[in-house]
Amino acid sequence: MFHVLVIDDDEQMQFFLNEALRRQGYAVTLRKTAEEGLQVLKSDAADLVLLDIRLPGMSGLDAVEEILKIDPRVPIIMITAHGTRDSAIDAIRRGAYDYFTKPFRLEEMEIVIRRALDKRKLYFEIERLREELASAPARVGERGSRAMSEVMHLIERAAPTDSTVLILGESGVGKELVAEWIHERSARRHRPFVRLNCAAIPETLLESELFGYERGAFTGAQQRKPGKFELADGGTLLLDEIGDMTLATQAKILRVLQSRQVERVGGTTTVRVDVRIIASTNKDLLRSVRDGSFRDDLYFRLNVITLNVPALRERREEIRGSSITS
């Protein structure tokens, strides 16, 4: 069972989150201050932290860095009733995984939480595989690393450029971690790395997630919210599982890549963005282009540098095979 730590001094919000998370099968710990939350993390690890920005004592923004000192890989989702573009970007720059403005849609929150927990689970699976490779005999390690050697070589070549990268591979092979490695080795490494799982978000929500929305754009849009393109300004945006995107949304992504401008849902003005795009998918995009489910012009925009990530089972087989022959 995943353990979620909620740090929020609003008792109504605590009650709402506690009920919603427990219905999803999560264990929940509630705290009202950052200081209390940090004490929990020092004695009892959490798989996810939901953190209000405005708290008595230490602010949520300052708490992000303290939380990551205790557990550098715990996903932190910021929650605030005082959302601004600057605070959203600042939270992500400091290491937060994502950002919500009250009031938010429960469906949207549940999707982001599942995605964050899936990433944490995948990270530990990758770490376990690395430990297996490191603990194997030298000859095994050489054979085990062969499957990833070409990928790592391409990462080192692609990272310093500003080219769009397309990462291909089955679900669960670590495509998101490869994207992070590219970002961390690029000139944009001190700017935000923002990710969006295109398959995990319903089509009705995807446009507002990508481009943001203005106050009053739809029911529940009580204030402006920046989209992922704006949050990633100056940095890198990972469009995970882009092969699941509809043709209508593909067309809008293409326009952004061509113009480097976005228009928020319900807005009338454009916002310039400077973003490097990394896209990933578990689908055969060329086949999707041929059958008409993926735009050929968008495919060629994305397919500047391609990385094929081998399946984890292929890397495990190398380890087993080498062990047998040693």
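The values are calculated or read from the model by the stated rules, or taken from the named source; none is laboratory data. The model shown is predicted, which means the values in this text are computed figures rather than measured ones. Methodologically, a virtual Cβ is constructed for each residue, glycine included, from the backbone with ideal geometry; neighbour enumeration extends over all protein chains shown. Note: accessible area is taken over every heavy atom of the protein model, side chains too, but ligands, DNA and RNA are not part of it. Shrake-Rupley method; radii C 1.70, N 1.55, O 1.52, S 1.80 Å.
Could you list, in sequence order, the residues of segment 253-275 that are over 12 Å from Phe229 (Cα atoms) and within 23 Å of the chain's Cα centre (by Cα)?
Leu254, Arg255, Val265
Any chance you could count how many residues in segment 9-35 are modelled with pLDDT of 95 or more and among the acidic types (Asp, Glu)?
Total satisfying the criteria: 1.
Could you grab me the full set of residues in segment 161-186 that are of a type outside the set (Gly, Ala, Ser) and out of contact with any helix residue (DSSP H, G or I) (no Cβ under 9 Å at 6 or more places or on another chain)?
Restricting attention to segment 161-186, the residues satisfying the condition of being of a type outside the set (Gly, Ala, Ser) are 161-162, 164-168, 170, 173, 175-178, 180-185.
Matches in segment 161-186: Thr161, Asp162, Lys175, Glu180, His183, Glu184.
Which helices (runs of 4 or more DSSP H) does segment 218-302 wholly contain that include 2 or more residues that are acidic (Asp, Glu) and open to solvent by 10 Å² or more (accessible area, probe 1.4 Å)?
Here the list reads 296-302.
Which of (1) open to solvent by 10 Å² or more (accessible area, probe 1.4 Å); (2) not in a loop (DSSP other than H, G, I, E, B); (3) not basic (Lys, Arg) does Leu210 not meet, given it meets every other one?
Here Leu210 meets the rest and fails (1).
Take the conditions crowded, with 19+ Cβ neighbours inside 10 Å and either closer than 14 Å to Ala279 by Cα or of a type outside the set (A, V, I, L, M) (or both) and apply them to Ser163. Does it pass?
Numbers: crowded, with 19+ Cβ neighbours inside 10 Å: no; either closer than 14 Å to Ala279 by Cα or of a type outside the set (A, V, I, L, M) (or both): yes.
Spelling it out, it is not the case that Ser163 is crowded, with 19+ Cβ neighbours inside 10 Å and either closer than 14 Å to Ala279 by Cα or of a type outside the set (A, V, I, L, M) (or both).
Within segment 9-23, which residues are open to solvent by 70 Å² or more (accessible area, probe 1.4 Å), closer than 19 Å to Lys102 by Cβ and not aromatic (Phe, Trp, Tyr)?
Listed by number, the residues that qualify are Glu11, Gln12, Glu19.
Return the only residue of Leu237, Leu210, Leu254 being closer than 21 Å to Glu107 by Cα and either out of contact with any strand residue (DSSP E or B) (no Cβ under 9 Å at 6 or more places or on another chain) or aliphatic (A, V, I, L, M) (or both).
Sole residue among the options that is closer than 21 Å to Glu107 by Cα and either out of contact with any strand residue (DSSP E or B) (no Cβ under 9 Å at 6 or more places or on another chain) or aliphatic (A, V, I, L, M) (or both): Leu210.
Asp52 versus (1) acidic (Asp, Glu); (2) touching a Ser or Thr at 6+ places or on another chain (Cβ under 9 Å); (3) open to solvent by 70 Å² or more (accessible area, probe 1.4 Å): which is the lone unmet condition?
That leaves (3) as the condition not met.
What are the pairs, 6+ residues apart or on separate chains, where a residue within segment 91-120 that is within 16 Å of Ile67 (Cα to Cα) and of a type in the set (D, E, K, R) has its Cβ under 6 Å from a residue that is at pLDDT 80 or above and assigned to a helix (DSSP H, G or I)?
Arg94/Val64; Arg94/Glu65; Asp98/Val112
Check off (1) under 23 Å from the mean Cα position of the chain (by Cα); (2) buried (at least 21 other Cβ atoms within 10 Å of the Cβ); (3) farther than 24 Å from Arg189 by Cβ for Met109 and give me the number that stays unchecked.
So the condition that Met109 fails would be (2).
As an exercise: evaluate Glu241 against (1) within 14 Å of the chain's Cα centre (by Cα); (2) on the phi < 0 side of the Ramachandran plot and give the number of the one condition it does not meet.
For Glu241, the failing item is (2).
Check off (1) under 20 Å from the mean Cα position of the chain (by Cα); (2) within 22 Å of Glu110 (Cβ to Cβ) for Leu17 and give me the number that stays unchecked.
(1)
Which one of these does Val28 not meet: (1) surrounded by fewer than 18 Cβ atoms within 10 Å (Cβ to Cβ); (2) more than 18 Å from Ala96 (Cβ to Cβ); (3) within 23 Å of the chain's Cα centre (by Cα)?
So Val28 meets the others, but not (1).
Restricting the search to segment 185-204, which residues are in contact (Cβ under 8 Å) with a residue 12 or more places away in the chain, open to solvent by 10 Å² or more (accessible area, probe 1.4 Å) and of a type outside the set (S, T, N, Q)?
Within segment 185-204, Arg185, Ala187, Arg188, Arg191, Phe193, Arg195, Ala199, Ala200, Ile201, Pro202, Glu203 qualify.
Which of the residues that make up segment 34-49 are within 15 Å of Asp8 (Cβ to Cβ) and either surrounded by fewer than 20 Cβ atoms within 10 Å (Cβ to Cβ) or of a type in the set (A, V, I, L, M) (or both)?
Across segment 34-49, the qualifying residues are Ala34, Glu35, Glu36, Leu38, Val40, Ala46, Leu48, Val49.
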